[in-house]
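Taken together, the values in this text are just the output of simple stated rules run on the coordinates, not laboratory data. Computed from a predicted structure; not experimentally measured.
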Amino acid sequence: MKIRKAGLNDVGKISELNKEYFHEEGRNWNELIISKNSEMFVLENKKEIIGFTGLKNSDWNNTLHIVDIFVYPEHRKKGLGTIMIKYLLKLMKEKLKGLFII
């Protein structure tokens with residue numbers, strides 16, 4: 001398993017997964033990938049995308065929030081969502097110079 005930063009070539013697969021399982025309307029995946037205020041990541045297994053997540057920065061209050069966490073149903077219950085959350089928390093700590101969870 002590998003988590004990597006998503007690129008524009010991943011938009012099709014992310015959109016496909018969203019449409020099939022998530023049903024979140026109006027999300028602009030292209031913008032989330034290319035924006036300076038957000039980052040998207042994909043979870044791969046043998047070069048196949050089996051999940052995605054991301055972070056979005058709110059400049060006005062210097063906060064980050066998680067943009068979705070998705071794992072293919074057949075890959076769930078294996079701790080992969082937890083791995084993605086830990087990855088995001090590490091990035092959040094680096095970006096915000098500290099993280100407070102209430």
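Expected output is a single nm value to one decimal: the length gained when fully extending between residue 37 and residue 90, i.e. 0.36 nm times separation in residues minus the C-alpha distance. What is it?
Values: separation 53, 0.36 × 53 = 19.08 nm, distance 1.73 nm.
Working it through step by step, the gained length comes to 17.4 nm.
To the nearest 10 degrees, how steeply does helix 80-96 sit against the main Cα axis of the chain, on a 0 to 90 scale?
Result, in degrees: 30.
If you wrap region 1-88's Cα atoms in a convex hull and average its projection over all directions, what's the area in nm²? Mind showing how you got there, number by number?
On the way: hull surface 23.2 nm².
Result: a mean projected hull area of 5.8 nm².
Helix-only mean residue ellipticity at 222 nm, the chain, DSSP H runs n ≥ 4 weighted -39,500 (n - 2.57), per residue, nearest 500. What is it?
Computed mean residue ellipticity for the chain: -8500 deg cm²/dmol.
State the extension gain, in nm to one decimal, for the chain segment bounded by residue 65 and residue 16, taking 0.36 nm per residue of separation less the distance between their alpha-carbons.
Stretched out fully, the residue 65 to residue 16 stretch lengthens by 15.4 nm.
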